[in-house]
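Have a look at the structure below before the remarks.
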Amino acid sequence: MSDEFDLLLRSVERGQGVVSVGGLAGISAKSFAVSELARLSGRQLAVVTDSNADLDTWLADLGFFVERGLRIVGLPSFDSDPYSNISPHAETEERRAIALWQI
């Protein structure tokens, strides 16, 4: 592996709260790096995305890269402003409830 990846892996193994896989081109490359970090460190990891669309792409890519049997949980953001008095879409609420139950 590269020196940069080894540095990320050591940070994860030490329990550093936040690491960044920025600088890689595309979600697929980042998903591969995160899946390898999880596999090599044996730790559970969380990924924060910019949008629910990015979340769906991450979930698909991680599903391809991670070992069988590992659970991937996607917790979508609310699709509405919490201060607007508009409820999130029912599908989003359902996906959030299922994800929180799985965690």
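The values are calculated or read from the model by the stated rules, or taken from the named source; none is laboratory data. Here the structure is a predicted model, which is why all the values come from computation and not from measurement. FYI the Cβ positions are ideal-geometry reconstructions off the backbone, even for glycines, and counts take in every protein chain you see.
When region 57-78 is examined, which residues are found to be more than 19 Å from Gly26 (Cα to Cα) and among the hydrophobic types (A, V, I, L, M, F, W, C)? Selection gives Leu70, Ile72, Val73, Leu75, Phe78.
I'd like the full set of residues that are within 11 Å of the chain's Cα centre (by Cα), surrounded by fewer than 18 Cβ atoms within 10 Å (Cβ to Cβ) and more than 16 Å from Leu70 (Cα to Cα), limited to region 28-48. Result: Val48, single match.
For the criterion of being over 25 Å from Glu4 (Cα atoms) and either in contact with a Ser or Thr (Cβ under 8 Å, 6 or more places away or on another chain) or in the same structural domain as Ser2 (by TED's automatic domain parsing) (or both), Ser77 passes.
Taking region 45-54, which residues are in a loop (DSSP other than H, G, I, E, B) and among the polar types (S, T, N, Q)? First the steps, then the outcome.
Step one: list which residues in region 45-54 are in a loop (DSSP other than H, G, I, E, B), which gives 45-51.
Selection gives Thr49, Ser51.
Restricting Gly23, Gly69, Gly42 to residues that are on the phi > 0 side of the Ramachandran plot and at pLDDT 85 or above narrows the list to Gly42. The residue that is surrounded by the most Cβ atoms within 10 Å (Cβ to Cβ), among those in region 55-98 that are among the aromatic types (Phe, Trp, Tyr) and part of a helix (DSSP H, G or I), is Trp58.
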